[in-house]
1. For segment 43-58, how many residues meet the condition of being assigned to a helix (DSSP H, G or I) and either touching a Lys or Arg at 6+ places or on another chain (Cβ under 7 Å) or open to solvent by 10 Å² or more (accessible area, probe 1.4 Å) (or both)?
2. Taking the criterion of being of a type outside the set (A, V, I, L, M, F, W, C), part of a helix (DSSP H, G or I) and open to solvent by 40 Å² or more (accessible area, probe 1.4 Å), would at least one residue in segment 334-344 satisfy it?
3. Could you check segment 415-428 and list, in sequence order, the residues that are within 24 Å of F342 (Cβ to Cβ) and either at pLDDT 90 or above or surrounded by fewer than 22 Cβ atoms within 10 Å (Cβ to Cβ) (or both)?
4. Within the set of pairs 6+ apart or on separate chains, which have a first residue in segment 289-315 that is under 13 Å from A156 (Cβ atoms), a second that is open to solvent by less than 40 Å² (accessible area, probe 1.4 Å) and part of a loop (DSSP other than H, G, I, E, B), and C-beta atoms under 9 Å apart?
5. Between G97, G127, G140, G157, which is open to solvent by less than 20 Å² (accessible area, probe 1.4 Å), in contact with a Cys (Cβ under 8 Å, 6 or more places away or on another chain) and closer than 21 Å to M382 by Cα?
6. I want to confirm something. Restricting to segment 300-315 and keeping residues that are in contact with a helix residue (DSSP H, G or I) (Cβ under 6 Å, 6 or more places away or on another chain) and more than 15 Å from V364 (Cβ to Cβ), which single residue is modelled with the lowest pLDDT?
7. Please identify the pairs in which a residue from segment 259-272 that is touching a residue at least 40 places away in the same chain (Cβ under 8 Å) has its Cβ atom under 7 Å from the Cβ atom of a residue that is outside any helix (DSSP H, G or I) and of a type in the set (D, E), counting only partners at least 6 apart or on another chain.
Amino acid sequence: MGRPDPEEGQLPAPVKPPDGGWGWIVLLGCFVITGFSYAFPKAVSVYFKELMKDFHVGYSDTAWISSIMLAMLYGTGPVCSIMVNQFGCRPVMLIGGLLASAGMILASFTTNIIELYLTAGVLTGLGMALNFQPSLIMLGTYFDKRRPLANGLAAAGSPVFLSSLSPLGQVLLEKFGWRGGFLIMGGLLLNCCTCGAVMRPLDMGMKRKMGKAQDKYEAKEMLPIGGKSEEGISTTDGTKKGKKAKKKPKKGKKLLDFSIFSNRGFIIYTISKFILVLGLFVPPILLVNYAKDTGVPDTEAAFLLSIIGFIDIFARPACGMVAGLKWVRPHVAYLFSFSMLFNGLTDICSARASNYTGLVIFCVFFGISYGMVGALQFEVLMAIVGSQKFSSAIGLVLLIEAFAVLIGPPSAGRLVDALKNYEVIFYLAGSEVVLSALFLGVASYCCLNRGKKEPLPENNPSAGGGSDTEEAESDVQEAEEHSSNNHQLAHSTDNAVVVANEEANHVAEEQRGEGGGCPSGDGEVLARDSCNADQMVERDSF
């Protein structure tokens, strides 16, 4: 039999997420990427004291390095979404790994703070952004029922790398200076390319139908050779083209889907995240220098970030497991609101910590609350918009958060330079986080729970535990029905041809028996008309 046309003879349908298999390798890559993306801007703060001495700048000037990194991580979200939708996750991540590494290597040769902004800030931040967002998209593709746990495990990469990169940076600073440290850090960032290489696209489910070549081959076998067979083929081809014309609009994919702004849950989430980011990153960025100013030795000050990271390592997977429980998953937004409230109150209650013991206690509670926020933030977004629109949603959310990142830490740095008091900064940051928690909880209850009679366009996939799976199964079933319809059409055409042949032969035999064939002489005109009628019956039947 003939081979079907590979383009026209198959219907792409989303594959059911495996929730394991190669997905665990993808999870490992996402773990490393998340670690570099979130821990690196904080770990770079270890070098700020030396940068202030070499470039003769204030703390607010050096704080811009971390802010620009985070701003690029967030602000380039729509660009990453478009690139992923256009080229796929793996090529984008490979390019991102090279850019991140090149930025830190070039930063080791800079001679002023502006060059440092452009290299370590812009270039490295862009590279990490091109790795971070595609890795989350791939994680959502490979996991569905275990997605909360997968998000928690991947988010644990941030504390693991924070607890290791911060002491490593201190060691590199003491042995090689900040230039040597930047150069070695640039080499470490090349591991992002390895993580990008393992992001194998999940094969699209292809249900092979009756292809064009196969239809023609079968039609030629069943029908007489000549114009009659081509007429039968054109009937089946015309039917197939008509059905494919209806399917073509479904294949089109928007590079950036703005329809998610019609989702009230997405609007509430975006506003709360903007307020959250204003204060969330301020304490860990200021913590090391705050400890040094209170008389804590440099090594012990850097170890405070390791404490946060160590606690965070266990908090994120544990929170992911709790979020995956059947009775918790439908209300994961409220758990996220509680985690933000916990984090904000930790900042406020620990603002007066003035010794190393107090700072350690702060780091323990901050690590727990910060881990809960990190484990839930993207799980809540996936639950609101679904995996199909997640690539566009995360890009737009990160863009909006970028403005908050550019406002929060630099403003805190300027207040430190002006007031010489860290207590006010911790009060301010904690208040912003508490406000975001209250807004998310109250708005979700008032705007969403009371409007359940009018369901949102995008249903919560986590509540059912498998909306993506059901969608994939429906597409496969549709492909099977379409294939069976084509087979039935081909068989019905063949049966019609056989029946028409038999009827035509039967009419011809009766006429020969009655009149002895076509009459001649006086009945010549009638005979000609009779023979033409027989031929027309045969022609019309085909």
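The values are calculated or read from the model by the stated rules, or taken from the named source; none is laboratory data. On a predicted model such as this, the values are computed, not experimentally measured, just so you know. Neighbour counts run over all protein chains shown; Cβ positions are idealised from the backbone, glycine included. Calculation scope for accessible area: heavy atoms of the full protein, side chains included, ligands and nucleic acids excluded. Shrake-Rupley method; radii C 1.70, N 1.55, O 1.52, S 1.80 Å.
1. The first filter runs over segment 43-58 and keeps only residues assigned to a helix (DSSP H, G or I), leaving 43-55.
If we keep only those that are either touching a Lys or Arg at 6+ places or on another chain (Cβ under 7 Å) or open to solvent by 10 Å² or more (accessible area, probe 1.4 Å) (or both) as well, we get 49-50, 52-55.
Of the residues in segment 43-58, 6 are assigned to a helix (DSSP H, G or I) and either touching a Lys or Arg at 6+ places or on another chain (Cβ under 7 Å) or open to solvent by 10 Å² or more (accessible area, probe 1.4 Å) (or both).
2. Taking segment 334-344 first, the residues of a type outside the set (A, V, I, L, M, F, W, C) are 334, 337, 339, 343-344.
When the remaining residues are screened for being part of a helix (DSSP H, G or I), the result is 334, 337, 339, 343-344.
When the remaining residues are screened for being open to solvent by 40 Å² or more (accessible area, probe 1.4 Å), the result is 334.
Scanning segment 334-344, I find at least one residue that is of a type outside the set (A, V, I, L, M, F, W, C), part of a helix (DSSP H, G or I) and open to solvent by 40 Å² or more (accessible area, probe 1.4 Å), so the answer is yes.
3. As a first pass, look at segment 415-428 and keep what is within 24 Å of F342 (Cβ to Cβ): 422-428.
Answer for segment 415-428, where residues must be within 24 Å of F342 (Cβ to Cβ) and either at pLDDT 90 or above or surrounded by fewer than 22 Cβ atoms within 10 Å (Cβ to Cβ) (or both): E423, V424, Y427, L428.
4. Pairs found: D312/A156; I313/A156; F314/A156; A315/A156.
5. Values: G97 fails: closer than 21 Å to M382 by Cα; G127 fails: closer than 21 Å to M382 by Cα; G140 fails: in contact with a Cys (Cβ under 8 Å, 6 or more places away or on another chain).
Only one candidate qualifies: G157.
6. Here the residue is A302.
7. The qualifying pairs are N263/E458.
One line per residue, one yes/no per condition, for (1) within 22 Å of F274 (Cα to Cα); (2) without any contact (Cβ under 8 Å) to a residue 60 or more places away in the chain; (3) not in a helix (DSSP H, G or I):
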position: Y74; (1), (2), (3): yes, no, no
position: V79; (1), (2), (3): yes, no, no
position: M83; (1), (2), (3): no, yes, no
position: S101; (1), (2), (3): no, no, no
position: V122; (1), (2), (3): yes, yes, no
position: G127; (1), (2), (3): no, no, no
position: P134; (1), (2), (3): yes, no, no
